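Engineer: Here you go, one structure.
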Amino acid sequence: MMPSLFSLAHPLSAFQVWFVVYVYLLPLLLYAAWASLSLMDLMESNEASWPMLVFVMLVPLVGGAWYLLRRARILSRSARVATVVTGTVVWLVPLLVAIWLVGRPLGPKALS
């Protein structure tokens, strides 16, 4: 049986830590930030409804980002766009680079 690509078994490499952070931790942090900003805006506005609350909480990343870009009113537009766009770029650009490096002929072994 092959070990998981995402395990932190020895030998631990910088590439493995980087990949785990961008695959597992950063999406959770983005979800927490976007959902909390969306929920704060929903609670402060008079538009709070159960379907919108459920959508923001149960559709990870997309729900909070959609609400911030389309429906949020309390935060300024530039702050909302900067939060979503910067978070997306910081997450996806290094992740795509990592996926490209893994897809090369030698994979992550060539980096160590």
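The values are calculated or read from the model by the stated rules, or taken from the named source; none is laboratory data. In this text, all values refer to a predicted model and were calculated from it rather than measured experimentally. When we count neighbours, we look across all protein chains shown, and the Cβ atoms used for this are built from the backbone with ideal geometry, even at glycine.
Engineer: Somewhere in segment 75-85, is a residue more than 29 Å from Gln16 (Cα to Cα), modelled with pLDDT under 90 and surrounded by 12 or more Cβ atoms within 10 Å (Cβ to Cβ)?
Structural biologist: Yes, segment 75-85 contains at least one residue that is more than 29 Å from Gln16 (Cα to Cα), modelled with pLDDT under 90 and surrounded by 12 or more Cβ atoms within 10 Å (Cβ to Cβ).
Engineer: Moving on to the next point. Would you check if there is a residue in segment 42-61 being on the phi > 0 side of the Ramachandran plot, small (Gly, Ala, Ser) and modelled with pLDDT under 90?
Structural biologist: Restricting attention to segment 42-61, the residues satisfying the condition of being on the phi > 0 side of the Ramachandran plot are 61.
Still in the list and also small (Gly, Ala, Ser): none.
Taking every residue of segment 42-61 in turn, none turns out to be on the phi > 0 side of the Ramachandran plot, small (Gly, Ala, Ser) and modelled with pLDDT under 90.
Engineer: Do you know which residues across segment 15-27 are without any contact (Cβ under 8 Å) to a residue 60 or more places away in the chain and farther than 23 Å from Val62 by Cβ? Write out each step before concluding.
Structural biologist: Narrowing segment 15-27 to residues without any contact (Cβ under 8 Å) to a residue 60 or more places away in the chain: 17, 20-21, 24-25.
The answer is Val17, and nothing else.
Engineer: Could I ask something else about it? Among the listed residues Leu12, Leu29, which satisfies the condition of being modelled with pLDDT of 90 or more and closer than 30 Å to Leu101 by Cβ?
Structural biologist: Leu29
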